[in-house]
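Enquirer: Can you keep this structure in mind? I'll have questions shortly.
The values are calculated or read from the model by the stated rules, or taken from the named source; none is laboratory data. All values derive from a computational prediction rather than experimental measurement. Because the Cβ atoms are built from the backbone with ideal geometry, glycine has one as well, and the counts that use them run over all protein chains shown. Keep in mind that these areas ignore ligands, DNA and RNA; they rest on the heavy atoms of the full protein, side chains included. Shrake-Rupley method; radii C 1.70, N 1.55, O 1.52, S 1.80 Å.
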Amino acid sequence: MVSVSLTINGEKRDAEVPSETTLLKLLRESFNLTGAKLGCDVGDCGACTVIVDGKLVNSCLMLAGQADGRDVLTIEGLATADNLHPIQRVFEEKGSLQCGFCGPGVIMSAKWLLDQTPNPSVPEIRDALSGNLCRCTGYTKMIEAIQTIARDRATQ
Amino acid sequence: MRAFEFYAARDASDAVALLAQHGPKVKVLAGGTDLLADLKFAAASHHPHVVVDISRADDLRGIEMIDQGLRIGALVTHTEIMSSPIIREQLPALVDAAHTIGAVQTRNLGTLGGNLVTAVPSMDSGPTLVALDAIVTIAGPDGKRQVPITQFWTGPRKTILKTSEILVDVIIPKENVGKPTHFLKFGLRKGQALALVNVAASFHVNGNTFKAPRIGLGAVAPTVVTAPSAEGFLEGKPITPENMAEAGKLAVNDAKPINDFRASATYRRDLIAVLTRRALEGAYELHMKRKAK
C-alpha cells in the first residue's frame with residue numbers, strides 16, 4: 001500500500017491504495033473523477049490525459065505513488081458550477097466531438113496547448129493532439145475549435 | 001497489474017542502495033512509459049516483486065556543460081531536450097530525434113535514460129548519440145563507471161547494467177558539442193510510429209573534406225550500431241553529393257535488418273542508403289547555415 005496526498009483540481013485529497021494503482025485508477029475509483037477514461041492503458045490513445053504540475057501526461061502511465069505531493073488538473077477542474085470552460089463551450093458549439101470518449105483527453109491537450117502557445121498554427125495543433133486518438137471526427141472540427149478559441153482570446 | 005512493493009528513491013545513491021537490497025526481481029521506474037505497459041501486460045515470469053521509483057532523484061536531472069562536455073541527466077525528459085536552449089543551438093538533431101518520440105504526453109513523461117535502458121533497437125534517442133560518440137555514466141554499489149554508448153547495449157532490450165546499477169547521465173564529449181549532425185526517422189505514419197529505420201550522421205568540416213564522420217543506424221540490427229565502412233570511406237574525402245551517396249550504399253553493409261510485419265529487410269536496406277545520404281546532406285546544410293550567419 002502507498003499513502004498519497006495530492007492536490008486535485010485545487011482540493012487537497014488523501015488516499016491509501018495498493019502500490020500498483022495508477023493515477024488514472026486513483027482518480028476514477030478513489031475520488032470518483034471519471035472524466036479521464038481508461039482506453040488503451042499503455043499511453044497510445046490519450047483518453048486518460050490529465051495535467052500534472054503543469055505537464056500534460058497519460059494518467060495510465062503514472063503510479064499513484066508518483067503523484068504523491070503533485071498538483072493534478074482533470075477535466076472536472078475546468079468547468080464551474082454555472083459555466084462550461086470556454087474550450088468546452090466552443091467544442092460543443094462546433095460539434096467537435098461525436099461519441100465523446102476521447103473528449104476529456106482532447107480538451108486537456110487543447111488547454112495545455114493554448115496555455116503554452118496562445119496562437120497555435122495548424123501543425124502545432126496537430127502535434128499537440130497527436131497523442132489523442134479520436135475515431136469519430138477526423139479531428140478537423142477540433143482543430144477549427146482550437147483556432148476559434150485562440151482568435152476569441154486574442155480579440156478579448 | 002500484479003502487486004509489488006514500491007519504494008521511492010531520494011537520489012542516485014539511495015536508488016542503488018534500494019536495488020542492491022531488493023534485487024534481482026526489481027524494476028527501476030523513471031518515466032514509466034515502457035515500464036507501466038510491461039507491468040500491465042508482460043508475462044508473469046517477468047513480473048518484479050519490487051519497483052524502485054527514481055523519478056524524484058533530482059541528481060539524475062539537468063542539462064549542463066561540464067569539463068567533459070554536455071551532460072544530460074538520465075531523467076531528462078524528451079520535452080526537456082526539445083526545449084533546452086543549449087541543445088537547440090548546438091545539437092538540433094537531438095531535438096528532432098526527441099520530437100519523433102511518442103506524443104506530447106509520453107514525451108513529458110518519458111526520459112532519455114529510459115529510452116536508452118529499455119534498449120529497443122528502434123529507439124529514436126540512440127542514433128544521434130551514437131553519431132556524437134556519447135559516453136554514459138553508470139552508478140552501482142562500487143561507485144561510478146563510464147562506457148562509450150555503443151558498448152552500453154548488448155542486444156534487443158539488453159544492456160550491460162547489472163541488477164543494482166542505474167544509468168546516471170549521458171555526456172556528449174566537448175569536441176562534439178556543436179558538431180554538425182542530422183537525424184532522420186522513417187516510420188509508416190507521422191504520429192506515434194516506431195522507426196522502420198532511423199539514422200543520424202555527423203562530421204566536422206575540414207576545409208572541404210569530411211573529418212570524424214560518424215553514422216548511427218537504428219532498427220536495423222540487434223542494437224543501434226555505427227556504420228564503420230561508410231565512416232572509413234568518408235574520412236578525409238571531399239564533401240560531395242557523390243561521396244555522400246556512396247557512403248549511404250556502404251552503410252547498408254554495416255546493418256543486419258530483419259523482415260517483420262512492418263517492412264521487409266530489402267526495403268529497410270534501401271531506406272538505410274537513402275536516409276544515410278540525406279542525413280549527411282542535412283548535417284552539411286546545418287554547417288552551411290551556421291557559416292552564413
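Enquirer: If A:D41 satisfies all but one of (1) in contact with a helix residue (DSSP H, G or I) (Cβ under 7 Å, 6 or more places away or on another chain); (2) open to solvent by 40 Å² or more (accessible area, probe 1.4 Å); (3) charged (D, E, K, R), what's the number of the condition it fails?
Expert: Here A:D41 clears every test but (2).
Enquirer: Could you please let me know if A:G46 is under 16 Å from the mean Cα position of the chain (by Cα), over 21 Å from B:A3 (Cα atoms), open to solvent by less than 50 Å² (accessible area, probe 1.4 Å) and within 11 Å of chain B (Cβ to nearest Cβ)? Please lay out each step first, then the result.
Expert: Numbers: under 16 Å from the mean Cα position of the chain (by Cα): yes; over 21 Å from B:A3 (Cα atoms): yes; open to solvent by less than 50 Å² (accessible area, probe 1.4 Å): yes; within 11 Å of chain B (Cβ to nearest Cβ): yes.
The answer is yes for A:G46.
Enquirer: Is there a residue in region B:209-225 that is out of contact with any Ser or Thr (no Cβ under 9 Å at 6 or more places or on another chain) and free of Cβ contacts under 8 Å to residues at least 24 places away in the same chain?
Expert: No, region B:209-225 has no match at all.
Enquirer: Scan region B:220-277 residue by residue and report those that are among the aromatic types (F, W, Y) and open to solvent by less than 70 Å² (accessible area, probe 1.4 Å). Walk me through how you get there before you give the answer.
Expert: The first filter runs over region B:220-277 and keeps only residues among the aromatic types (F, W, Y), leaving B:233, B:261, B:267.
Result: B:F233, single match.
Enquirer: OK, next. For region B:161-192, enumerate the residues that are within 14 Å of chain A (Cβ to nearest Cβ) and free of Cβ contacts under 8 Å to residues at least 24 places away in the same chain.
Expert: If we filter region B:161-192 for residues that are within 14 Å of chain A (Cβ to nearest Cβ), which is where we start, we get B:187, B:189-192.
Passing the criteria: B:R189, B:K190.
Enquirer: Give the number of residues within region A:1-25 that are within 13 Å of another protein chain (Cβ to nearest Cβ) and either within 20 Å of A:D115 (Cα to Cα) or outside any loop (DSSP other than H, G, I, E, B) (or both).
Expert: Here is the first cut: in region A:1-25, the residues within 13 Å of another protein chain (Cβ to nearest Cβ) are A:1-4, A:16-25.
Of the ones still in play, those that are also either within 20 Å of A:D115 (Cα to Cα) or outside any loop (DSSP other than H, G, I, E, B) (or both) are A:2-4, A:16-17, A:22-25.
Within region A:1-25, residues that are within 13 Å of another protein chain (Cβ to nearest Cβ) and either within 20 Å of A:D115 (Cα to Cα) or outside any loop (DSSP other than H, G, I, E, B) (or both) number 9.
Residue-by-condition table, conditions (1) outside any loop (DSSP other than H, G, I, E, B); (2) crowded, with 19+ Cβ neighbours inside 10 Å:
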| residue | (1), (2) |
| --- | --- |
| A:E93 | yes, no |
| A:S96 | no, yes |
| A:C99 | no, no |
| A:G105 | yes, yes |
| A:W112 | yes, yes |
| A:R126 | yes, no |
| A:G131 | no, yes |
| A:I146 | yes, yes |
| A:R153 | yes, no |
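Enquirer: Are any of the residues in region B:213-229 over 16 Å from the mean Cα position of the chain (by Cα) and assigned to a strand (DSSP E or B)? Give the steps one after another, and end with the answer.
Expert: Initial filter on region B:213-229 (over 16 Å from the mean Cα position of the chain (by Cα)): B:213, B:228-229.
Checking which are assigned to a strand (DSSP E or B) leaves us with B:213.
Scanning region B:213-229 turns up at least one residue that is over 16 Å from the mean Cα position of the chain (by Cα) and assigned to a strand (DSSP E or B).
Enquirer: Next question. In region B:2-59, which residues are open to solvent by less than 50 Å² (accessible area, probe 1.4 Å), more than 9 Å from chain A (Cβ to nearest Cβ) and in contact with a Pro (Cβ under 7 Å, 6 or more places away or on another chain)?
Expert: B:V16, B:V26
Enquirer: Here is a follow-up. Could you tell me whether any residue of region B:200-210 is open to solvent by less than 50 Å² (accessible area, probe 1.4 Å), in a strand (DSSP E or B), out of contact with any Asp or Glu (no Cβ under 8 Å at 6 or more places or on another chain) and farther than 21 Å from B:P92 by Cβ?
Expert: Yes, region B:200-210 contains a residue that is open to solvent by less than 50 Å² (accessible area, probe 1.4 Å), in a strand (DSSP E or B), out of contact with any Asp or Glu (no Cβ under 8 Å at 6 or more places or on another chain) and farther than 21 Å from B:P92 by Cβ.
Enquirer: Please go through region A:27-40 and give me each residue that is within 14 Å of another protein chain (Cβ to nearest Cβ) and either under 15 Å from the mean Cα position of the chain (by Cα) or within 22 Å of B:V26 (Cβ to Cβ) (or both), ordered by number. Can you show your working first?
Expert: Applying the first criterion (within 14 Å of another protein chain (Cβ to nearest Cβ)) to region A:27-40 yields A:29, A:36-40.
Answer for region A:27-40, where residues must be within 14 Å of another protein chain (Cβ to nearest Cβ) and either under 15 Å from the mean Cα position of the chain (by Cα) or within 22 Å of B:V26 (Cβ to Cβ) (or both): A:A36, A:K37, A:L38, A:G39.
Enquirer: Shifting gears a bit: Given the conditions (1) open to solvent by less than 50 Å² (accessible area, probe 1.4 Å); (2) out of contact with any Leu (no Cβ under 9 Å at 6 or more places or on another chain); (3) at pLDDT 95 or above, and given that B:A195 satisfies all but one, which numbered condition is not satisfied?
Expert: It is condition (3) that B:A195 fails.
Enquirer: Among the residues of region A:55-72, write down those that are within 14 Å of chain B (Cβ to nearest Cβ), open to solvent by 40 Å² or more (accessible area, probe 1.4 Å) and in contact (Cβ under 8 Å) with a residue 60 or more places away in the chain.
Expert: If we filter region A:55-72 for residues that are within 14 Å of chain B (Cβ to nearest Cβ), which is where we start, we get A:55-70, A:72.
Adding the requirement that they be open to solvent by 40 Å² or more (accessible area, probe 1.4 Å) leaves A:55, A:68-70.
A:D68, A:G69, A:R70 - these are the residues of region A:55-72 that are within 14 Å of chain B (Cβ to nearest Cβ), open to solvent by 40 Å² or more (accessible area, probe 1.4 Å) and in contact (Cβ under 8 Å) with a residue 60 or more places away in the chain.
Enquirer: Right, B:L18: out of contact with any Cys (no Cβ under 9 Å at 6 or more places or on another chain), within 20 Å of A:G43 (Cβ to Cβ) and modelled with pLDDT of 95 or more or not?
Expert: Working: out of contact with any Cys (no Cβ under 9 Å at 6 or more places or on another chain): yes; within 20 Å of A:G43 (Cβ to Cβ): no; modelled with pLDDT of 95 or more: yes.
So B:L18 fails the test.
Enquirer: Could we say that B:P85 is open to solvent by less than 60 Å² (accessible area, probe 1.4 Å), at pLDDT 95 or above and not aromatic (F, W, Y) here?
Expert: On the way: open to solvent by less than 60 Å² (accessible area, probe 1.4 Å): no; at pLDDT 95 or above: yes; not aromatic (F, W, Y): yes.
Taking the combined requirement at face value, the residue does not satisfy it.
Yes/no matrix, rows are residues, columns are (1) without any contact (Cβ under 8 Å) to a residue 24 or more places away in the chain; (2) out of contact with any strand residue (DSSP E or B) (no Cβ under 8 Å at 6 or more places or on another chain); (3) within 14 Å of chain B (Cβ to nearest Cβ):
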residue	(1), (2), (3)
A:K94	no, yes, no
A:I107	no, yes, yes
A:Q116	yes, yes, yes
A:V122	no, yes, yes
A:R126	yes, yes, yes
A:T140	yes, yes, no
A:T155	yes, yes, no
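Enquirer: Under the condition of being aliphatic (A, V, I, L, M) and either more than 27 Å from B:K291 (Cα to Cα) or not in a strand (DSSP E or B) (or both), which residue from region B:172-192 is modelled with the highest pLDDT? Don't jump to the end; show me each part of the working.
Expert: Keep residues of region B:172-192 that are aliphatic (A, V, I, L, M), which gives B:172, B:177, B:184, B:188.
When the remaining residues are screened for being either more than 27 Å from B:K291 (Cα to Cα) or not in a strand (DSSP E or B) (or both), the result is B:177, B:188.
Working: B:V177: 98, B:L188: 90.
Taking the candidates together, the pick is B:V177.
Enquirer: Within the bounds of region B:92-101, is there any residue that is part of a strand (DSSP E or B) and surrounded by fewer than 18 Cβ atoms within 10 Å (Cβ to Cβ)? Before the answer, list the steps.
Expert: Step one: filter region B:92-101 for residues part of a strand (DSSP E or B), giving none.
Looking through region B:92-101, none of the residues is part of a strand (DSSP E or B) and surrounded by fewer than 18 Cβ atoms within 10 Å (Cβ to Cβ).
Enquirer: Follow-up. Any residue at all in region B:250-261 that is of a type in the set (D, E, K, R), outside any helix (DSSP H, G or I) and farther than 18 Å from B:P121 by Cα?
Expert: Start the filter on region B:250-261 by keeping residues that are of a type in the set (D, E, K, R), which leaves B:254, B:256, B:260.
Checking the rest, the ones that are also outside any helix (DSSP H, G or I) come to B:254, B:256, B:260.
Right, trim to farther than 18 Å from B:P121 by Cα and you get none.
For region B:250-261, residues of a type in the set (D, E, K, R), outside any helix (DSSP H, G or I) and farther than 18 Å from B:P121 by Cα: absent.
Enquirer: Considering only region B:60-82, state which residues are in a loop (DSSP other than H, G, I, E, B) and either open to solvent by 30 Å² or more (accessible area, probe 1.4 Å) or farther than 24 Å from B:N198 by Cα (or both).
Expert: Initial filter on region B:60-82 (in a loop (DSSP other than H, G, I, E, B)): B:61-62, B:67-68, B:74-76.
If the condition is that a residue be in a loop (DSSP other than H, G, I, E, B) and either open to solvent by 30 Å² or more (accessible area, probe 1.4 Å) or farther than 24 Å from B:N198 by Cα (or both), then B:R61, B:G62, B:D67, B:Q68 are the ones that fit.
Enquirer: Sort through B:T154, B:T137, B:T111, B:T150 and tell me the only one that's surrounded by fewer than 24 Cβ atoms within 10 Å (Cβ to Cβ), more than 28 Å from B:H204 (Cα to Cα) and hydroxyl-bearing (S, T, Y). Let's see the steps before the verdict.
Expert: Values: B:T137 fails: more than 28 Å from B:H204 (Cα to Cα); B:T111 fails: surrounded by fewer than 24 Cβ atoms within 10 Å (Cβ to Cβ); B:T150 fails: more than 28 Å from B:H204 (Cα to Cα).
It is B:T154.
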